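Before any comments, here is the structure.
Bear in mind that the values in this text are calculations on the coordinates, not laboratory data. Treat the numbers as computed from the prediction; the structure is a model and nothing was measured. Every residue, glycine as well, gets a Cβ built from its backbone with ideal geometry; the counts of neighbours run over all protein chains shown.
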Amino acid sequence: MGTTTCGELVTTSAAETEAAGERLARHLRHGDLVLLVGDLGAGKTTLVRGMARGLGSSAEVMSPTFQLVRVYPGRVQLAHVDLYRLAGLDELADLGLEELLDEGAVVVEWGERLGGPATARISLEVLEEDRRRLRLEEAPPTWSW
Ligand SMILES: Nc1ncnc2c1ncn2[C@@H]1O[C@H](COP(=O)(O)OP(=O)(O)OP(=O)(O)O)[C@@H](O)[C@H]1O
Ligand SMILES: [Mg+2]
């Protein structure tokens, strides 16, 4: 278990980041939009893998490289969006974000490319090879690691 200080968690392995995602999933509700912000390899997909598992999905979670979005069924459906290869605003419109939010929760890698209001904004920072700092930059007051 990593160290927690008000909305901040330092993990020392991918498994710990995944476990953090799994715990965070308890807070997820229909219509929640969660933006993940962090460099390549920061652990965004790892966190999403935990979130999906926490929602009860047994689907394999990988970066949706060739699709913009992948959908995992669970207690709350989780749509996993990755905007790394976003080509333009047309593609964002095609994503059908409103529909996905009608159907469940949505988590977005490279979330800073989306803009607009969100339920939560989480940053992931590489500290060392296996250490990552996860921060709830914006989140409902009930959310914690
Ligand atoms: N504490 C940690 N938390 C998360 N991942 C870690 C940690 N320590 C090492 N890693 C490794 O870092 C990598 C994180 O990859 P991941 O795909 O989750 O990152 P990402 O932010 O989604 O990257 P990308 O921008 O390419 O989508 C994995 O290889 C994982 O094993
Ligand atoms: Mg990723």
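On C-alpha positions alone, give me the angle between the axis of helix 14-24 and the longest principal axis of the chain, in degrees, nearest 10.
70
For GLU138 and ARG23 in one chain, what is 0.36 nm times their gap in residues minus the Cα-Cα distance, to one decimal in nm?
Roughly 39.7 nm would be gained on extension.
What is the ratio of the Cα radius of gyration of the stretch 1-99 to 2.2 N^0.38 Å, where N is its residue count, to two decimals?
Output field value: 1.10.
State whether the stretch 74-145 is rounded, prolate or oblate according to the following rule on the C-alpha gyration tensor (a ≥ b ≥ c being the square roots of its eigenvalues): a/c under 1.5 gives rounded; otherwise a/b larger than b/c gives prolate, and the remaining case gives oblate. It would help to have the intermediate numbers written out before the result.
On the way: a/c = 2.00, a/b = 1.32, b/c = 1.51.
Because a/c hits 1.5 or more and a/b fails to exceed b/c, the stretch 74-145 counts as oblate.
Would you mind checking the tilt of helix 44-54 against the longest principal axis of the Cα atoms of the chain, expressed as 0 to 90 degrees and rounded to 10?
Orientation of helix 44-54: about 90 degrees from the principal axis.
Could you tell me how far the Cα centroid of the stretch 109-145 sits from the Cα centroid of the stretch 10-51, in Å?
8
Can you give the charge dipole size of the stretch 20-108 about its Cα centre, rounded to the nearest 20 debye, using +1 on the beta carbon of Lys and Arg and -1 on the beta carbon of Asp and Glu?
Result for the stretch 20-108 is approximately 580 debye, rounded to the nearest 20.
So in the stretch 39-125, what percent of DSSP beta bridges are antiparallel if you round to the nearest 5? Each step should come with its number before you reach the end.
On the way: 4 of 10 bridges.
The answer is about 40 percent antiparallel.
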